[in-house]
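J.: Input: one structure, supplied below.
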Amino acid sequence: MTKNRIFAIDMTHFDSADMVGTFLPINSLGLDEACFIIRITNDTSADVIVSFDGVTDNDYVRYGETLQLYAVPSDDRTNFAKGLVVYLRGAANQGYIYLSGYYKLPGL
């Protein structure tokens with residue numbers, strides 16, 4: 001009997017001291033797999049703006065908070081694309097911002 005199993009991508013992080021006020025990638029190589037959940041944890045002393053194209057303000061993560069985004073599939077094919085780069089913008093401050101994600105491999 002085959003089962004869908006859930007796996008985690010390698011977590012990436014970004015030192016918020018490197019923020020320069022323009023969008024910078026938190027995962028410059030993109031997502032390792034097509035994820036159905038991505039999580040951005042802002043463990044810093046300032047708020048950040050999130051972009052999925054490096055230009056558009058798509059979301060906001062308050063300092064000390066976590067943004068968790070779900071791709072709610074009706075057909076098991078709706079996911080955040082493999083290779084998706086997530087960008088952050090904000091003022092330089094202290095702490096790190098983390099990106100984690102979860103994906104399924106059918107039949108394992």
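J.: Does SER51 qualify as being at pLDDT below 95, small (Gly, Ala, Ser) and either more than 14 Å from the chain's Cα centre (by Cα) or under 16 Å from LEU24 (Cα atoms) (or both)?
T.: On the way: at pLDDT below 95: no; small (Gly, Ala, Ser): yes; either more than 14 Å from the chain's Cα centre (by Cα) or under 16 Å from LEU24 (Cα atoms) (or both): yes.
It is false that SER51 is at pLDDT below 95, small (Gly, Ala, Ser) and either more than 14 Å from the chain's Cα centre (by Cα) or under 16 Å from LEU24 (Cα atoms) (or both).
J.: Of all residues in segment 61-81 being more than 12 Å from the chain's Cα centre (by Cα) and either within 28 Å of ALA46 (Cα to Cα) or surrounded by 13 or more Cβ atoms within 10 Å (Cβ to Cβ) (or both), which is modelled with the lowest pLDDT?
T.: Our first condition is that a residue be more than 12 Å from the chain's Cα centre (by Cα); within segment 61-81, this holds for 62-65, 71-79.
So of that shortlist, the ones also either within 28 Å of ALA46 (Cα to Cα) or surrounded by 13 or more Cβ atoms within 10 Å (Cβ to Cβ) (or both) come out as 62-65, 71, 79.
Details: ARG62: 97, TYR63: 96, GLY64: 96, GLU65: 98, ALA71: 87, ASN79: 90.
By that ranking, first place goes to ALA71.
J.: Right, here's the next one. For THR56, indicate whether it is hydroxyl-bearing (Ser, Thr, Tyr), surrounded by fewer than 13 Cβ atoms within 10 Å (Cβ to Cβ) and at pLDDT 95 or above.
T.: Details: hydroxyl-bearing (Ser, Thr, Tyr): yes; surrounded by fewer than 13 Cβ atoms within 10 Å (Cβ to Cβ): yes; at pLDDT 95 or above: yes.
For THR56, the condition - hydroxyl-bearing (Ser, Thr, Tyr), surrounded by fewer than 13 Cβ atoms within 10 Å (Cβ to Cβ) and at pLDDT 95 or above - is met.
J.: Out of segment 33-60, which residues are aliphatic (A, V, I, L, M) and in contact with an Asp or Glu (Cβ under 7 Å, 6 or more places away or on another chain)? Step through it out loud before you land on a result.
T.: Pass one, segment 33-60, residues aliphatic (A, V, I, L, M): 34, 37-38, 40, 46, 48-50, 55.
Within segment 33-60, ILE49, VAL50 meet the criteria.
J.: Scanning segment 1-45 for residues that are under 15 Å from ALA91 (Cβ atoms) and surrounded by fewer than 17 Cβ atoms within 10 Å (Cβ to Cβ), which turns out nearest to the chain's Cα centre (by Cα)? Please lay out each step first, then the result.
T.: Taking segment 1-45 and keeping what is under 15 Å from ALA91 (Cβ atoms), we get 14-24, 42, 44-45.
Filter once more, so that each one left must be surrounded by fewer than 17 Cβ atoms within 10 Å (Cβ to Cβ): 15, 17-18, 20-22, 24, 45.
On the way: ASP15: 15, ALA17: 19, ASP18: 18, VAL20: 19, GLY21: 19, THR22: 17, LEU24: 13, SER45: 19 Å.
Ranking the candidates gives LEU24 first.
The values are calculated or read from the model by the stated rules, or taken from the named source; none is laboratory data. These numbers were taken from a predicted model, which means no experiment stands behind them. As a convention, Cβ positions derive from the backbone with ideal geometry for all residues, glycine included, and neighbour counts pool all protein chains shown.
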